[in-house]
Amino acid sequence: MGGAPTTGGMTVDIWSDVVCPWCYIGKRRLEKALDGFTHADSVLVRWRSFELDPHAPPERTGDPAERIAAKYGMTTEQARRGQERLAMLAAAEGLTYRLAEARSGSTFDAHRLIHLAAAHDLSDAAEERFMAAYLCDAQAIGRPEVLERLAVEIGLPPSEVNAVLTGDEYGAEVRKDEAEAAARGITAVPTFVVDGRFTIPGAQDPETIMAILERAWTRREAA
């Protein structure tokens with residue numbers, strides 16, 4: 001998914017976080033929509049940074065359901081049922097979530113590495129690997145040693161990965177994405193912006209996404 005568009009192509013900017021269960025579902029649904037979109041080869045998918053918890057430590061401890069319950073003012077049982085519903089929706093997209101075992105933490109470094117990956121045309125691979133690691137494999141996505149291993153797995157140069165994780169490279173790019181999200185009024189993810197003008201909030205079904213892609217393409221051709 002993604003890659004450089006041909007001349008006259010359009011963009012799909014996706015604000016997401018790698019610890020967001022809906023974002024991985026949304027990624028799969030976008031992929032399905034693009035599979036059926038005639039002009040998919042002319043679409044550039046750009047992953048944009050969004051931190052659901054900018055103040056998170058490298059790894060949080062305790063029961064994820066209890067944290068969700070405290071954050072949203074619900075009971076732990078309600079939070080667990082919500083996790084179960086999400087897992088069922090994910091399963092319909094071929095994903096096996098392990099939300100009860102999730103090891104959440106800061107995603108700032110993950111987003112910085114995704115920007116590095118974009119420089120190597122591997123941003124989609126980075127998003128895919130990081131989301132799978134956290135949501136399906138219960139890996140601590142905020143830990144530098146975990147991120148380093150995952151980033152190298154997708155083909156990023158170890159020396160560049162290490163330089164990012166031990167320095168501040170791409171931090172400005174993450175903050176720029178987040179500032180643009182705020183300017184656009186984006187407060188939840190995933191949010192898809194097609195061709196800079198058509199916004200798709202949430203993990204909509206492939207048919208809805210397809211309809212927006214078609215509408216954006218038609219408007220582009222008519223311009």
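Where a number appears in this text, it was derived from the coordinates with a stated rule and is not lab data. Computed from a predicted model, the values in this text were never measured in an experiment. When we count neighbours, we look across all protein chains shown, and the Cβ atoms used for this are built from the backbone with ideal geometry, even at glycine.
Listing for the model above:
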read-out: Distance in nm between pseudo-label sites at ALA70 and SER159 (7 Å out along the Cβ direction from Cα); value: 4.4
read-out: Förster radius 45 Å - calculated FRET efficiency between GLU77 and ALA211 (Cβ-Cβ, nearest 0.05); value: 0.75
read-out: Cα gyration tensor shape of region 143-219, rounded if a/c is under 1.5, else prolate or oblate by comparing a/b with b/c; value: prolate
read-out: Nonlocal amide H pairs with ARG48, under 5 Å, H built at 1.01 Å; value: ILE14, TRP15, SER16
read-out: Dipole of region 44-90 [Lys/Arg +1, Asp/Glu -1 at C-beta], most positive-end residue of GLN83, THR61, SER49; value: SER49
read-out: Computed [θ] at 222 nm, deg cm²/dmol, the chain (DSSP H ≥ 4; -39,500 (n - 2.57); rounded to nearest 500); value: -15500 deg cm²/dmol
read-out: Selection from ALA132, PRO201, ALA118 lying farthest towards where the dipole of the chain points positive, charges on Cβ; value: PRO201
read-out: Whole-Hz ³J(HN,Hα) from phi, Karplus 6.51 cos²θ - 1.76 cosθ + 1.60, for region 209-214, glycine and proline x; value: 4, 4, 4, 5, 4, 5
read-out: Debye, to nearest 20: dipole size of region 120-223, +1 on Lys, Arg Cβ, -1 on Asp, Glu Cβ; value: 400
read-out: The chain: Cys lacking any partner C-beta under 4.7 angstrom; value: CYS136
read-out: Most mobile of GLY202, GLY62, GLY26 in a GNM of the chain (Cα contacts under 10 Å); value: GLY62
read-out: P(r) weight above 16 Å for region 23-68, C-alpha pairs, percent; value: 61
read-out: At 0.890 mPa s and 25 °C, Stokes diffusion of the chain via Kirkwood alpha-carbon radius, µm² per second; value: 136
read-out: Rounded to 5, percent antiparallel among DSSP beta bridges of the chain; value: 55
read-out: Theoretical FRET efficiency, 1/(1+(r/R0)^6), r = Cβ-Cβ of ALA172 and ARG46, R0 22 Å, to 0.05; value: 0.85
read-out: Other-chain or far-sequence residues with amide H under 5 Å of HIS39's (modelled H); value: none
